[in-house]
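Values in this text are rule-based calculations from the coordinates and carry no lab data. Keep in mind the model is a prediction, meaning the values are calculated, not measured. With ideal geometry, Cβ positions are generated from the backbone for all residues, glycine too; neighbour counts draw on all protein chains shown.
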Amino acid sequence: MAVLAFSRPKEWIGRAVSPAGDELTPVQIAAAIGKALGIPLPYVQVPIDAIRALNEDVAYANEWTRERP
């Protein structure tokens, strides 16, 4: 959609669209990346306190993602 919106902006100005796609779990995402790289890539959940120590905004986004239904 983004390509269409930028290539023909007059047709898209003022329109609202909802992007859609598969909603993968973190384990599925890690598996897909590992498959693309040709290596096993396990998912490891980092403790939220460790994330918060590095960046409060990233910790907030991570908490929001974890709490979504």
Cα-based shape type of the chain, given that a ≥ b ≥ c are square roots of the gyration tensor eigenvalues and the cut on a/c is 1.5
oblate
I'd like to know which of PRO26, VAL46, ALA16 lies farthest towards the positive end of the charge dipole of the chain, counting +1 on Cβ of Lys and Arg and -1 on Cβ of Asp and Glu.
ALA16
Using a simple charge model, +1 on the beta-carbon of Lys and Arg, -1 on the beta-carbon of Asp and Glu, nothing else, what dipole does the chain show about its Cα centre, in debye to the nearest 20?
360
Report, in degrees rounded to the nearest 10, the 0 to 90 angle that the Cα long axis of helix 26-37 makes with the longest principal axis of the chain.
80
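Can you tell me, using C-alpha contacts under 8 Å and at least 6 residues apart, the relative contact order of the range 22-69 as a whole percent?
On the way: 23 pairs, mean separation 10.5, N = 48.
After rounding, I find 22 percent.
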Sum -39500 (n - 2.57) across every DSSP H segment of at least 4 residues in the chain, then divide by the residue count to get the 222 nm mean residue ellipticity, nearest 500.
-16000 deg cm²/dmol
Once both axes come from the Cα atoms, what is the angle between helix 56-67 and the longest principal axis of the chain, in degrees from 0 to 90, rounded to 10?
90
